[in-house]
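The values are calculated or read from the model by the stated rules, or taken from the named source; none is laboratory data. Predicted, not measured: the structure shown is a model, and the values here were computed from it. For neighbour counting, all protein chains shown are included, and Cβ atoms are generated from backbone atoms with ideal geometry for every residue, glycine included. Please note that ligands, DNA and RNA were not included when accessible areas were found on the heavy atoms of the full protein model with its side chains. Shrake-Rupley method; radii C 1.70, N 1.55, O 1.52, S 1.80 Å.
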Amino acid sequence: MAQAFDGLIRSAGKEVRAGATANLLVVASDSALASSLRFFLSARSAFVSGQVVRIGPPVGPSEPVDPPLSGRVAVVTGAARGIGEAIAETLHRDGATIVAVDVPAAGDALARVANRTGGTALQLDITAPDASERLLAHLRERHGRVDVVVHNAGITRDKLLANMDADRWNAVLAVNLRSQLAINGALLGDATLLGTSARIVCISSMSGIAGNRGQTNYAASKAGVIGMVRALAPRFAERGATINAVAPGFIETAMTAKMPLATREAGRRVSSLRQGGLPVDVAEAVGWLAQSASAGVTGQVVRVDGQNMLGA
Ligand SMILES: NC(=O)c1ccc[n+]([C@@H]2O[C@H](COP(=O)([O-])OP(=O)(O)OC[C@H]3O[C@@H](n4cnc5c(N)ncnc54)[C@H](O)[C@@H]3O)[C@@H](O)[C@H]2O)c1
């Protein structure tokens, strides 16, 4: 019977008009709901529709505070521009101290984001062999802790599978998946750095759910992120922490601006909301999951894609 609501809500999402959305929260009797209701009943979830989110008992201490991230230290990778920049700004608005991470080549833009958000900048290629070590050392020395890690940095190197070369394959897997695995492993292996009620949010993609022509490498990496989130949820729960994936659909950024015009226009229109999303739409979903109060949401994938028809 409960499963029937899945079909009902997903269909309702396709029927409602004028920018309305429909989502289903499946709630355990002892779960804390406030942060999820605030997100889904506000304009912050404007580009989230047709989603089913399970809210279980809290995995650890949940301390509702106002603003919801005050006192928390949040790492955002790929923070120099696009979705990462919007995530840094949104988490800062909600009270977090930001550790903005990006490649040295993006140093100027990164410094601007760190200054605007009153945090620290760390120039780091997250695929470097000592990247986790350097990140953890920065956190220990400059902040003494970490409460939120947003694995946002990502790249595309598109080619049809028949023409895919090892360099494109390896580069995409290294940035989008292996770096996240390495940093998460290092966090779990450190006994003291993770604050109580830590939150890990991994940026996946609709391509990792639906697949996409010319993106076998990218889709493999992003599907791998979802697998990682499911596999690591019980390990992080042992530390009172959650880990979730946010899977954006078509979002207007420098990454999607590189697409051919027709593909870009099709990407925008093939959703219930019939438009692309904005970086802030992804950032608001991250902001909801990053709260201590969202302790009952873990091991899940939330699409921020206007209920894209692909892979739904
Ligand atoms: N834009 C979209 O429509 C869309 C859709 C689905 C998923 N995503 C995902 O969202 C995330 C952000 O995408 P975006 O559109 O803002 O991309 P973007 O290219 O605008 O920004 C990505 C940032 O990551 C940084 N980065 C890349 N490699 C790095 C490395 N090795 N070490 C440190 N930083 C590195 C870049 O310098 C850049 O600042 C990515 O993971 C992307 O795959 C985007």
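In table form, for the structure just shown:
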{"read-out": "Which listed residue, of 157, 168, 213, is in a helix (DSSP H, G or I), open to solvent by 10 Å² or more (accessible area, probe 1.4 Å) and within 16 Å of the ligand (Cβ to nearest atom)", "value": "168"}
{"read-out": "Odd one out for residue 257 among (1) more than 16 Å from the chain's Cα centre (by Cα); (2) within 26 Å of residue 41 (Cβ to Cβ)", "value": "(2)"}
{"read-out": "Pairs with Cβ under 6 Å, 6+ apart, first in region 144-172 and under 20 Å from residue 102 (Cβ atoms), second within 12 Å of the ligand (Cβ to nearest atom) and hydroxyl-bearing (Ser, Thr, Tyr)", "value": "151/77; 152/77; 153/77; 156/218; 172/218; 172/221"}
{"read-out": "Hits in region 124-167 - residues which are within 25 Å of residue 284 (Cα to Cα) and polar (S, T, N, Q)", "value": "152, 156"}
{"read-out": "Unique residue being of a type in the set (Gly, Ala, Ser) and either open to solvent by 10 Å² or more (accessible area, probe 1.4 Å) or at pLDDT below 95 (or both) when the list is 283, 247, 312, 295", "value": "312"}
{"read-out": "Unmet criterion (only one of (1) in contact with a Leu (Cβ under 9 Å, 6 or more places away or on another chain); (2) hydroxyl-bearing (Ser, Thr, Tyr); (3) within 16 Å of the ligand (Cβ to nearest atom)) for residue 90", "value": "(1)"}
{"read-out": "Residues that are under 19 Å from residue 264 (Cβ atoms) and either touching a Pro at 6+ places or on another chain (Cβ under 6 Å) or assigned to a loop (DSSP other than H, G, I, E, B) (or both), drawn from region 274-306", "value": "274, 275, 276, 278, 282, 304, 305, 306"}
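Matching residues to (1) away from the ligand (no atom under 11 Å from the Cβ); (2) basic (Lys, Arg); (3) over 21 Å from residue 87 (Cα atoms); (4) open to solvent by less than 20 Å² (accessible area, probe 1.4 Å):
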position: 238; (1), (2), (3), (4): yes, no, yes, no
position: 257; (1), (2), (3), (4): no, no, no, no
position: 260; (1), (2), (3), (4): yes, no, yes, no
position: 263; (1), (2), (3), (4): yes, no, yes, no
position: 271; (1), (2), (3), (4): yes, no, yes, yes
position: 275; (1), (2), (3), (4): yes, no, no, no
position: 278; (1), (2), (3), (4): no, no, no, no
